[in-house]
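Asker: My questions will all concern the structure given below.
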Amino acid sequence: MENYDYFKMFGFNRKFKISERRPPPDVIDVFNLFTNRDSQMSPPQFRRFLIGYQGEQGVTIDDAERIMGQVLRHFRPTFTHCSFTLDDFFRYLFHVDLNGPIIDQVHHDMTAPMQHYFIYTGHNSYLTGNQLYSNSSEVPIIKALESGVRVIELDLWPNSAKDGIHVLHGRTMTTPVTLSKCLKSIKEHAFVNSPYPVIITLEDHLNSNLQAKVAKMVTEIFGDVLYSPEAGDNDEFPSPGALKYRIILSTKLPKGCEGSKQLGGESLPKVSRDSSEKEMNSNQDNCVSSSTQELSQFLDIEFEDEDVKYEQKASPEYNQLIGIHAAKVKDGLRKALMVGSGKGKRISLSEQTLEKGASLCGTDIVRFTQKNILRVFPKGTRVTSTNFKPLTAWMHGAQMVAFNMQGYGRSLWMMHGMFRSNGGCGYVKKPDFLMTKGPNNEVFDPKGTLPMYMVGVPADVSKKKTRVIKDDWIPIWDEEFTFLLSVPELALLKIVVRDHDVSDKDKFGGQTCLPVSELRNGIRTVPLHNKKGEKFKSVKLLMKFQFE
């Protein structure tokens, strides 16, 4: 038996039936269809299969011969004639690099302004584990960049001597890592997976002297790779395509620096926690009720971990390096979401703020994200580095949905699935309905008639389950499921394989999540991953996809 399975289970103390590996009936039928029941498939016949069954347009005879040669050289190095037997054809179908389930090249328009894209975003990117007492390290930053993450978050704090800069999760027992080590790791690994820009969001707790040190460090390490906007830049954010192989800093400007050049626009005044509830209650333009409890909850989560009472003087060297301006929030969410003239800006909201804002002023959020950048981060109580479901944020156009990449779980699988789109480059073009306006300047209303999703909107989740096949190393389910979709651009297909246990909870065997808009027609091999999203070497499914 070759190491080539439909599905390979492992780690269970049970005896499994070892079936002979053989193509299933539907694969045999397809082979016979395109060979006229001959025992060999020629390059012209294989080409007709690729075009007529797999929907791959533009395939030439040379392309067919090249693909066949790759398979034959691997399994039959001494082959003399370029043709497929049934077994060769079956091997090709299981070759994930040649017959994967999704498009593996960048194919979205990369010339639109940056706010037109969902961007693969990390949260507390330096943490190795939980949010309270894990180590801070450059290692998770490197792993994130190598997996395609394009937004890295660093929290900057003075060291104990107040003469250096540490990166750590403030007011916790997390151990620090030096800023220089993080920056050097970003420089070395930023473009290993993707050439598109890396954005570093800084949560800054430094005085002006330490900011000047940051500026010197950043300039020395990144050099010309660092993007700094020039005076006279237009109001639009640059495009990912225009910023290939560039690194961008994004943070709030210190008090008194609102006029500095930047991609982001006008900032809002600083506000302390002590006065925030009173100011919120006195404002009549909030999109929340006047309940003191609601207002307090709504505003408090705007600030993440920033010490908002800490006022500081400007460091001009530091300020000139800020590429994307993160605005300070004051006087409620609706005020922050006002879209005026001038350059775009970025604001950050917690998941609770986003949920509440979505229920009360969803169209304002959509309108804001058509010109500006919205970052949504996990609530502070997620101390074990869990994550929230990202669909609400995406439905409202939020570009930076920040995730704890060191965690795992179904929400993280969804994030992995979304950013397998567009060749895994870390930038996914938003659907047109999120970026367009109607004849009366109206925008998409997420509270209107909701599109149907396979994963995401609770009312529209569609779930199917196969029959149980007992104790077989190579199960063949041979079942067909149909899903109705209105907006495939945001639909995700989540696949989970479990080992059935009648007396206990079914055991996890593997998972993947795939962007529906990227699925390729025909019979495709689908690699499975562990709970953390790491791909198994030999655990695969063979599935057929068809769009009608």
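Asker: Just wondering, is there one or more residues in segment 441-459 that are at pLDDT below 95 and outside any loop (DSSP other than H, G, I, E, B)?
Answerer: Yes, segment 441-459 contains at least one residue that is at pLDDT below 95 and outside any loop (DSSP other than H, G, I, E, B).
Asker: Turning to a different aspect of this structure: Run down 378, 446, 390 and say which single residue is closer than 30 Å to residue 136 by Cα and in contact (Cβ under 8 Å) with a residue 60 or more places away in the chain.
Answerer: None of the other options fit; the residue is 378.
Asker: Any residue in segment 184-209 that's more than 24 Å from residue 423 (Cβ to Cβ) and open to solvent by 50 Å² or more (accessible area, probe 1.4 Å): show its pairings with residues that are outside any loop (DSSP other than H, G, I, E, B) and hydrophobic (A, V, I, L, M, F, W, C) at Cβ separation under 8 Å, as long as the two are six or more apart or on different chains.
Answerer: Close Cβ pairs satisfying both conditions: 184/221.
Asker: Right, next: Sort out which residues of segment 131-147 are more than 18 Å from the chain's Cα centre (by Cα) and open to solvent by less than 40 Å² (accessible area, probe 1.4 Å), and write them in order of number.
Answerer: Matches in segment 131-147: 131, 134, 136, 137.
Asker: Of all residues in segment 502-525, which are under 19 Å from the mean Cα position of the chain (by Cα) and hydrophobic (A, V, I, L, M, F, W, C)?
Answerer: Matches in segment 502-525: 513, 514, 516, 519.
Asker: In addition: When you go through 531, 537, 464 one by one, which is the residue that is modelled with pLDDT under 95, within 24 Å of residue 94 (Cβ to Cβ), touching a strand residue (DSSP E or B) at 6+ places or on another chain (Cβ under 8 Å) and open to solvent by 80 Å² or more (accessible area, probe 1.4 Å)? Spell out how you get there, then give the answer.
Answerer: Numbers: 537 fails: touching a strand residue (DSSP E or B) at 6+ places or on another chain (Cβ under 8 Å); 464 fails: touching a strand residue (DSSP E or B) at 6+ places or on another chain (Cβ under 8 Å).
The unique qualifying residue is 531.
Asker: Would you kindly identify the helices (runs of 4 or more DSSP H) lying entirely within segment 276-362 that contain at least 1 residues that are outside the structural domain of residue 218 (by the TED database), within 24 Å of residue 205 (Cβ to Cβ) and modelled with pLDDT under 80?
Answerer: Numbers: elements: 292-300, 316-319, 333-336.
Hits in segment 276-362: 292-300.
Asker: Next up: Considering (1) of a type outside the set (Ser, Thr, Tyr); (2) open to solvent by 20 Å² or more (accessible area, probe 1.4 Å); (3) at pLDDT 90 or above, say which one residue 501 fails and leave the rest.
Answerer: Residue 501 satisfies all of (1) of a type outside the set (Ser, Thr, Tyr); (2) open to solvent by 20 Å² or more (accessible area, probe 1.4 Å); (3) at pLDDT 90 or above except (3).
Asker: Only one residue in 128, 111, 121, 172 is in contact (Cβ under 8 Å) with a residue 40 or more places away in the chain and surrounded by 24 or more Cβ atoms within 10 Å (Cβ to Cβ). Which one?
Answerer: Going through 128, 111, 121, 172 in turn, just one is in contact (Cβ under 8 Å) with a residue 40 or more places away in the chain and surrounded by 24 or more Cβ atoms within 10 Å (Cβ to Cβ): 121.
Asker: Among (1) in a loop (DSSP other than H, G, I, E, B); (2) in contact with a Gly (Cβ under 7 Å, 6 or more places away or on another chain), which single condition is residue 115 missing?
Answerer: With respect to (1) in a loop (DSSP other than H, G, I, E, B); (2) in contact with a Gly (Cβ under 7 Å, 6 or more places away or on another chain), residue 115 is out only on (1).
Asker: Moving to a separate point now. Exactly one condition in (1) assigned to a loop (DSSP other than H, G, I, E, B); (2) under 19 Å from the mean Cα position of the chain (by Cα); (3) under 28 Å from residue 211 (Cα atoms) is false for residue 110; which is it?
Answerer: All conditions pass for residue 110, except number (3).
Asker: Return the residues of segment 471-489 that are modelled with pLDDT under 85 and loosely packed, with under 10 Cβ neighbours inside 10 Å; say none if nothing qualifies.
Answerer: Across segment 471-489, the qualifying residue is only 484.
Asker: So, one more: Take residue 102 and tell me if it is buried (at least 20 other Cβ atoms within 10 Å of the Cβ) and outside the structural domain of residue 396 (by the TED database). Before the answer, list the steps.
Answerer: On the way: buried (at least 20 other Cβ atoms within 10 Å of the Cβ): yes; outside the structural domain of residue 396 (by the TED database): yes.
So residue 102 passes the test.
Asker: Restricting the search to segment 215-258, which residues are β-branched (Val, Ile, Thr) and either touching a strand residue (DSSP E or B) at 6+ places or on another chain (Cβ under 6 Å) or at pLDDT below 95 (or both)?
Answerer: 225, 247, 248, 251
Asker: Right, residue 104: touching a Gly at 6+ places or on another chain (Cβ under 7 Å) and modelled with pLDDT under 95 or not?
Answerer: It is true that residue 104 is touching a Gly at 6+ places or on another chain (Cβ under 7 Å) and modelled with pLDDT under 95.
The values are calculated or read from the model by the stated rules, or taken from the named source; none is laboratory data. All values derive from a computational prediction rather than experimental measurement. Every residue, glycine as well, gets a Cβ built from its backbone with ideal geometry; the counts of neighbours run over all protein chains shown. Calculation scope for accessible area: heavy atoms of the full protein, side chains included, ligands and nucleic acids excluded. Shrake-Rupley method; radii C 1.70, N 1.55, O 1.52, S 1.80 Å.
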